[in-house]
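J.: Below is one structure. I have some questions about it.
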Amino acid sequence: MFEIIKRDGLARIGKFQTGSGVLETPALLPVVNPKICTVAPRELYEEFGFRAIITNSYIIKNNSELRAKALEKGLHEMLDFPGVIMTDSGTFQSHMYGEVEVTNKEMVEFQRSIGTDIGTVLDVFTEPYWTKEKTAESIEVTLERTEEACGMKGEMMINGVVQGSIYQDLREDCARRMASMDIDVHPIGGVVPLMEQYRYLELVDVVISSKKGLNPNRPVHLFGAGHPMVLALATLMGCDLFDSASYAKFARDDRMMFIDGTYRLQDMQALDCNCPACRGLTLEALKKMGGKERERLIARHNLYQITDELALVKRYVREGRLWELAEMRCRSHPAMLDALRRLEEHQKFMERYDPISRDGAMFYTGAETRGRPVFRRYVARLWDRYVPETEKAALFYDEGSKPYSRAKAADFDRVRRAGYTPVVVSPFGPVPAELDEIYPIAQSVFPKMEDTDTVIETEALTVKFLESKFAETVNGEYVPEGGTEQYDPDIIRAKAVSRYQFGIEATDALFRNKIELVVSRKTGKIRNVISDGEHVLSMRAGDGLYTLRKEGADRIVSAIPAPFMRAKVMEDAVPFVSEGRNVFCQFVDECDDELRPMDEVIVTDGNDKAIATGRMMLTADEIRSFKKGVAVKVRSGAGDEA
Ligand code: GUN
Ligand code: ZN
């Protein structure tokens, strides 16, 4: 069973229940070669804190001594590892050395008999240079073998490996067909050659197309990815598990892993590393060490690089800033930068998983930041949901101070009085004054010195926006004083934010007849929206977006048919949710696919009656597939809290 604790992009911090305890993801499994054991499994567990390892059942099976020992004592005792043990099946050997002399049935049976926690099907490794026909045929073999493995896995969990070479449609189809089988973990296979050849751009296509077909409630393992450089990006794309043989392989030929790449000992000028393995050591001393001692030290150094980066990745996921870390990491190699740029082409898919809001500001790290889904979402909503209050717009430029309506209060008032809507050209594109406090507009930090990409793109967006929404545009600086138009900036903002967040139709239902606003005396910010005497919305100071009140939810439910903004729960859950308890995934019957994580959601019963409001913790797809975990954080009582 897998449960999401925290999410960011497609990344998740999860809890994966196995036969040997709960594994927190993302996790990296060091590869243990049972013949060599450069670093003992016990040490991996105790010194480095690895709670899972992967070893090769094919190697064990083909060595009479190891086989006998594994069958007699079981894998955990043989390796002296108390955590989770995953085994591979010999597929990688077939990729390296050609056909292997075993059947799928034999391998699955053997893995079961040595007590592995997670065994692997003998899948067919689809090479990146294969034709589409050959790839498609071999996927059929892998799928048949996976079916066979599911039927005989018993207590053992099983890895169903997604194959498909570099063909995105085949990957997605293979993933989708596996999603319907009784599988526990999905490794994405056949990617080692892509990584060895620095084809990270294609790796992005392969991972995203596989993710599209897979069931979100199962962990995804990126087979053979263990370099710290790729962890942030791969986690962002939704990979939960990784494995590394490189830490030991590289150590064998004097290569040290660092976050920005791998360096040969002979090319290094100094050690310059402060990890627990290297601390106090000079390059000269390391070079003088005996072969075995040096190999062990470098392997330990490599493992520390991995554990450090994995900890950092988790911290960024928890803070909701993984995009930033991935962008930084992808700048350490041009091939990784290609990967990041390629990810922008999957923005539409990524947007479904991107939270509507988060704590803390969004940092711009360079032109590729524009590829984040939050940019796409802002522009799309501006086009579809923004309704101008006037026919004329007055243009201003972002000078770094936010929110704009505070920094430029006098200017905005002057143009509003003259009948213009102030529009600021920002790095997000055009921002009408009334939207300047919503996430991410106000909660973002851009460099003062713009790059050409930003200048060109925001200008193009602004021209298109002004042409489609306004009859006339002037430079705000040239609008004279002395206009006499009456306007209420709070009402304009209150409606514009509602349209941006909930759409035009819902806003018509929420803002009916007489509107009163409660404004904070201290900050001047809108607090509550009261329509016809009913408190329908509360605005959050942090992200400038609304919390939906029960009265507001009732209006939306009467005005717009299901499934709009709804999560319908089963009858059993109704009394609990009505009391303010959270909604768990297993109690959700139906859910609006257009809802995004952290969106306001209306919880309804079987008669489409609103019983509570709350915030989405997952996507609709995830809610459908998970059997555990909070789907909607329900707001109890007054409903003013976020
Ligand atoms: N190890 C690295 N790549 C693969 C793969 O595609 N399949 C299996 N079973 N193991 C791997
Ligand atoms: Zn070191």
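J.: Give the residues of the range 246-262 that are away from ligand 1 (no atom under 16 Å from the Cβ), out of contact with any Phe, Trp or Tyr (no Cβ under 8 Å at 6 or more places or on another chain) and within 23 Å of I36 (Cα to Cα), sorted by residue number.
T.: Those that are away from ligand 1 (no atom under 16 Å from the Cβ), out of contact with any Phe, Trp or Tyr (no Cβ under 8 Å at 6 or more places or on another chain) and within 23 Å of I36 (Cα to Cα): F250, A251, R252, D253, D254.
J.: Given the condition among the aromatic types (F, W, Y) and more than 20 Å from P193 (Cα to Cα), answer yes or no: does some residue in the range 241-260 qualify?
T.: Yes, that holds for at least one residue.
J.: Could you please give the count of residues in the range 170-194 that are within 21 Å of the chain's Cα centre (by Cα) and within 15 Å of ligand 1 (Cβ to nearest atom)?
T.: Looking only at that region, the number is 9.
J.: Inside the range 1-99, counting only strands (runs of 3 or more DSSP E) that do not spill past its ends, which hold 1 or more residues that are aromatic (F, W, Y)?
T.: Working: elements: 2-8, 11-18, 21-25, 27-32, 52-56, 84-88.
In the range 1-99, the matching strands (runs of 3 or more DSSP E) lie at 2-8, 11-18.
J.: Now a separate question. How about the range 199-256: which of its residues are assigned to a strand (DSSP E or B) and touching a Pro at 6+ places or on another chain (Cβ under 8 Å)?
T.: V220, H221, L222, L241, F242, D243, S244
J.: A further question follows. Please verify whether I491 is β-branched (V, I, T), assigned to a helix (DSSP H, G or I) and more than 24 Å from A409 (Cβ to Cβ), treating the condition exactly as stated.
T.: no
J.: Within the range 388-412, can you find the residues that are among the aromatic types (F, W, Y) and surrounded by fewer than 17 Cβ atoms within 10 Å (Cβ to Cβ)? Full working, then the answer.
T.: Going residue by residue through the range 388-412, those that are among the aromatic types (F, W, Y) are 396-397, 404, 412.
Answer for the range 388-412, where residues must be among the aromatic types (F, W, Y) and surrounded by fewer than 17 Cβ atoms within 10 Å (Cβ to Cβ): just Y397.
J.: Select from the range 147-185 the residues that are hydroxyl-bearing (S, T, Y), surrounded by 24 or more Cβ atoms within 10 Å (Cβ to Cβ) and within 25 Å of K627 (Cα to Cα) and list them in ascending order.
T.: Once the filter is applied, which keeps residues that are hydroxyl-bearing (S, T, Y), surrounded by 24 or more Cβ atoms within 10 Å (Cβ to Cβ) and within 25 Å of K627 (Cα to Cα), the range 147-185 yields nothing.
J.: In this structure, does G280 turn out to be in contact with a strand residue (DSSP E or B) (Cβ under 6 Å, 6 or more places away or on another chain), in a loop (DSSP other than H, G, I, E, B), farther than 20 Å from R352 by Cβ and at pLDDT below 95?
T.: no
J.: Name the pairs whose Cβ atoms lie under 8 Å apart, with the first residue in the range 259-277 and in contact (Cβ under 8 Å) with a residue 40 or more places away in the chain and on the phi > 0 side of the Ramachandran plot, the second small (G, A, S) and more than 14 Å from ligand 2 (Cβ to nearest atom), and 6 or more positions between them or separate chains?
T.: Here the result reads G261/S332, each pair linking the range 259-277 to a residue that is small (G, A, S) and more than 14 Å from ligand 2 (Cβ to nearest atom).
J.: Among the residues of the range 260-269, which ones are assigned to a loop (DSSP other than H, G, I, E, B) and within 12 Å of ligand 2 (Cβ to nearest atom)?
T.: The one that is assigned to a loop (DSSP other than H, G, I, E, B) and within 12 Å of ligand 2 (Cβ to nearest atom): M268.
J.: If you check R385 against the conditions, is it buried (at least 16 other Cβ atoms within 10 Å of the Cβ), among the basic types (K, R) and touching a helix residue (DSSP H, G or I) at 6+ places or on another chain (Cβ under 8 Å)?
T.: On the way: buried (at least 16 other Cβ atoms within 10 Å of the Cβ): yes; among the basic types (K, R): yes; touching a helix residue (DSSP H, G or I) at 6+ places or on another chain (Cβ under 8 Å): yes.
When the stated conditions are applied, R385 passes them.
J.: A further question on this structure: Can you tell me which residues in the range 359-387 are closer than 17 Å to V497 by Cβ and under 18 Å from the mean Cα position of the chain (by Cα)?
T.: The answer is V374, R377.
The values are calculated or read from the model by the stated rules, or taken from the named source; none is laboratory data. None of the values given here were measured: they were computed from a predicted structure. Note: ideal-geometry Cβ built from the backbone for every residue, glycine included; neighbour counts use all protein chains shown.
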